[in-house]
Amino acid sequence: MKNTFLFSVIIATGLTGLGLVAMAQTTGSAPVDSLRGGDVDEYVPVDGVYHQDEKRFKRNYRQQPPLIPHSIDQYQIDLAANQCLGCHDWSKAGERGAPTLSMTHYMDREGNQLDQVAGTRWFCNQCHVPQADAPALVDNLFQPSN
């Protein structure tokens, strides 16, 4: 008997919740606008792809990580490998003509100097992103520092 009563209460609560959700979706609320400009199943054409610029962008603030002036689409950066180090590691940068990593990339959390890139700096694209002359996704009032 207790099980039947408990089952009835659970069913009634579920049906009430479904009714409230249905009512909330149909009454009084304005439709939500999609960021992509259309319904989920609607085709929305997009602008052309923005390609990398040939020149390097200026940094907008002190200590900003440099932007990457080339594509990294096919680069492997995971726990097993970091393809960026093939050119930018201190031991190879000179012969490849690539900028060398800052010495801060070779320091552990306690400030000890290491012979290899620190684990905290292994995933380059957590700070560095490819540069592209693309429009802002949202309006903002950001002004670069002097």
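See the values below:
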quantity	calculated
Single residue of Tyr50, Tyr75, Tyr43 found to be of a type in the set (Ser, Thr, Tyr) and modelled with pLDDT of 85 or more	Tyr75
When residues of segment 99-137 are limited to those that are touching a residue at least 60 places away in the same chain (Cβ under 8 Å) and in a loop (DSSP other than H, G, I, E, B), the one farthest from the chain's Cα centre (by Cα)	Asp133
Candidate set: segment 96-107, residues that are out of contact with any Lys or Arg (no Cβ under 6 Å at 6 or more places or on another chain) and under 20 Å from Ile72 (Cα atoms); chosen: the one surrounded by the fewest Cβ atoms within 10 Å (Cβ to Cβ)	Gly97
Top-ranked residue in segment 52-94 [being hydrophobic (A, V, I, L, M, F, W, C) and assigned to a loop (DSSP other than H, G, I, E, B); ranked as surrounded by the fewest Cβ atoms within 10 Å (Cβ to Cβ)]	Ala80
When residues of segment 123-138 are limited to those that are surrounded by 11 or more Cβ atoms within 10 Å (Cβ to Cβ) and either in contact with an Asp or Glu (Cβ under 9 Å, 6 or more places away or on another chain) or among the β-branched types (Val, Ile, Thr) (or both), the one farthest from Ser102 (Cα to Cα)	Ala132
Extreme residue, farthest from the chain's Cα centre (by Cα), among residues of segment 73-98 that are more than 24 Å from Lys58 (Cβ to Cβ) and of a type in the set (A, V, I, L, M, F, W, C)	Trp90
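Here's the yes/no breakdown for (1) at pLDDT 90 or above; (2) basic (Lys, Arg); (3) on the phi > 0 side of the Ramachandran plot:
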site: Cys84; (1), (2), (3): yes, no, no
site: Gly94; (1), (2), (3): no, no, no
site: Arg109; (1), (2), (3): yes, yes, no
site: Gln113; (1), (2), (3): yes, no, no
site: Val117; (1), (2), (3): yes, no, no
site: Trp122; (1), (2), (3): yes, no, no
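The values are calculated or read from the model by the stated rules, or taken from the named source; none is laboratory data. All values derive from a computational prediction rather than experimental measurement. Neighbour counts are summed over all protein chains in view; Cβ atoms, including those assigned to glycine, are modelled from backbone coordinates with ideal geometry.
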